[in-house]
Amino acid sequence: MMNWIASLPNFSAYGTPVYFIYLILAILPLGIGLYFGKRFGWYEALISFIFIFLMFDGASWRQGISLIAYVIWETCLVMYYHHYRQQNNAAGVFYLFTALSIAPLVVVKLTPAMVGHNSLLGFLGISYLTFRATGTIIESRDGMVKDISAWKFIRFMLFMPTLTSGPIDRYRRFAKDYAKVPSREDYLALVNKGTFYLFLGFLYKFVIGYYFGQRIYPMFERMAMMQPSMLSWSMLGVMYSYGFYLFFDFAGYSLFAVAISYFMGVRSPMNFKQPFKSKNIKEFWNRWHISLSFWFRDYIFMRFVFLATKKHWFKNRNTLSATAYMLNMVLMGFWHGITWYYILYGFIHGLALVINDWWLRYKRKHLKNLPHNKLTTGVAIFITFNFVMFTFLIFSGFLNTYLLRH
């Protein structure tokens, strides 16, 4: 059986234009049903199963087994805790179930650093699913999740368009959206917007992202590796080309996920909102990988601030917020991977958020007459953009490769 699965062709989500032909043909009956006010849940489940199977068959069959075991694990945790929460609310039990929910992701992230190879528990999309599952436990603790069943939770976890590329949805939002079949006018508006996002995603990923990722970035990499000094024009080319590649490739994937979700009658949240127009680093994180940054904001930053305020850990609220920023962003760095450049990336962004808050306080107090016009806005955008690009150079890991070769 495993040999047969391993011999099958593998279709990574949104990997080639041909994938979209198969996918759109497959979900066409769903669209027809939604046009007439019907949601064919059984057909959606069948199509989702087929396409998820095609994502994890072939050489990825072990990831498929891990996915099945993982979803069973998280479903048991969420359902048991939700049942427990109806009558009890012990903090220790909540922290235990939260830790158990995050544990598989921690193992997957730690394994390469500890034993030198990827964990057998890992599969494409485990981070996104962990955030969904853990978020559901947290919302259950807060009393926000009222109606949940094992099937509804699995449907949320394995919602095919966003399984491997995000955005990170919330159970409460998804369940409410899914339960309401859009009117014909609303659905046609979703299809119209989804079509625009689909073609924009093609432009981002298969044209601009491909050009930067396959042509410009490798060229600057080769040139920078031949330079004896790290400070070179070639390194600057690596920085900008990687930053643009990262944005257009990732934003393209996110647009595909949102577009297909719209075609299936679900309004998955947007993940990017013109991040390079940000005037400061705080605004950047409100525009970049929005579902991730908001997840960390709501479940790490805000909860730490609430707990620290309740326990009187800090006398100064500015010190409290600075500590929360650093904790939030360093954890985000660790989430990307246990390597110095990911952790440094998170640390620098945390420090930048602290400095940004200090600057805003200083400006309100001492620079009340500082002009606010197109010029100052342009300068702020320029500084933020170049800072972000510099941190993307760190994030890329190229500096690690460069240092090992020189």
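Beyond 18 Å in Cα-Cα separation lie the following of the pairs 273/368; 282/365; 205/279; 282/363; 315/368: 273/368; 282/365; 205/279; 315/368.
Between residue 387 and residue 232, the modelled labels are 2.9 nm apart [label points 7 Å from Cα along Cα→Cβ]. Rounded to the nearest 20, the size of the Cβ-charge dipole of the chain about its Cα centre is 1480 debye, with Lys and Arg at +1 and Asp and Glu at -1. Between region 363-406 and region 232-306, the C-alpha centres lie 16 angstrom from each other. Projecting the Cα positions of 322, 66, 366 onto the charge dipole of the chain (unit charges on Cβ atoms of Lys, Arg, Asp and Glu, taken about the Cα centre) puts 366 furthest along the positive direction.
Stokes-Einstein diffusion for the chain at 4 °C, viscosity 1.567 mPa s, with a Kirkwood radius from C-alpha pairs, works out to 56 µm²/s.
Share of region 1-141's accessible area from carbon and sulfur, percent, 1.4 Å?
It is 73 percent, rounded to a whole number.
Solvent exposure of region 10-87 amounts to 53 Å² per residue of accessible area, where only protein heavy atoms count and the probe is 1.4 Å. Taking the accessible area of region 329-386, probe 1.4 Å, and keeping the other protein chains in place, the carbon and sulfur fraction comes to 71%.
The stretch between residue 88 and residue 115, if pulled fully straight at 0.36 nm per residue, gains 5.7 nm over its current Cα-Cα span.
Look at the dipole of the chain built from charges on Cβ: of 300, 217, 243, the Cα furthest out on the positive end belongs to 300. Which of rounded, prolate or oblate describes region 100-214 when judged by the alpha-carbon gyration tensor and an a/c cut-off of 1.5? It is oblate, given that a/c is not under 1.5 and a/b is not larger than b/c. Only one residue of 286, 128, 188 has its Cα farthest out toward the positive end of the dipole of the chain, where Lys and Arg carry +1 and Asp and Glu -1 on Cβ, and that residue is 286.
Accessible surface area normalised per residue over region 186-328 is 51 Å², counting heavy atoms of protein chains with a 1.4 Å rolling probe. Long hydrophobic helices in the chain, taken as whole DSSP H segments with a C-alpha length of 18 Å or more on their own axis and mean Kyte-Doolittle hydropathy at least 1.0: 17-35, 41-55, 91-115, 233-263, 374-396. With an a/c value of 1.5 or above and a/b not larger than b/c for the gyration tensor axes a ≥ b ≥ c computed over the alpha-carbon atoms, region 267-375 is described as oblate.
Given a cut-off of under 8 Å on Cα pairs at least six residues apart, what relative contact order in percent is computed for region 306-393?
Working: 44 pairs, mean separation 19.0, N = 88.
Averaging sequence separation for qualifying contacts and normalising by length gives 22 percent for region 306-393.
Between residue 405 and residue 154, the modelled label-to-label distance comes to 4.8 nm, taking each label 7 Å out from Cα in the direction of the beta carbon. Per residue of the chain, the DSSP helices (runs of n ≥ 4 H) give a summed -39500 (n - 2.57) that works out to -23000 deg cm²/dmol at 222 nm.
Using the Cβ-Cβ distance between residue 16 and residue 188 with R0 set to 25 Å, the FRET efficiency works out to roughly 0.30. Put a dot 7 Å past the Cα of residue 300, heading toward its Cβ, do the same for residue 355, and the two dots end up 2.0 nm apart. Only lysines eight or more places from residue 146 in sequence, or on another chain, were considered; those with a Cα closer than 16 Å are 176. Charge tally for residue 171 (other residues, Cβ to Cβ under 9 Å; Lys, Arg +1; Asp, Glu -1): +3.
The values are calculated or read from the model by the stated rules, or taken from the named source; none is laboratory data. Predicted model only: the values in this text are computed from it and were never measured. For neighbour counting, all protein chains shown are included, and Cβ atoms are generated from backbone atoms with ideal geometry for every residue, glycine included. Only protein heavy atoms, including side chains, enter the accessible area calculation; ligands, DNA and RNA are left aside. Shrake-Rupley method; radii C 1.70, N 1.55, O 1.52, S 1.80 Å.
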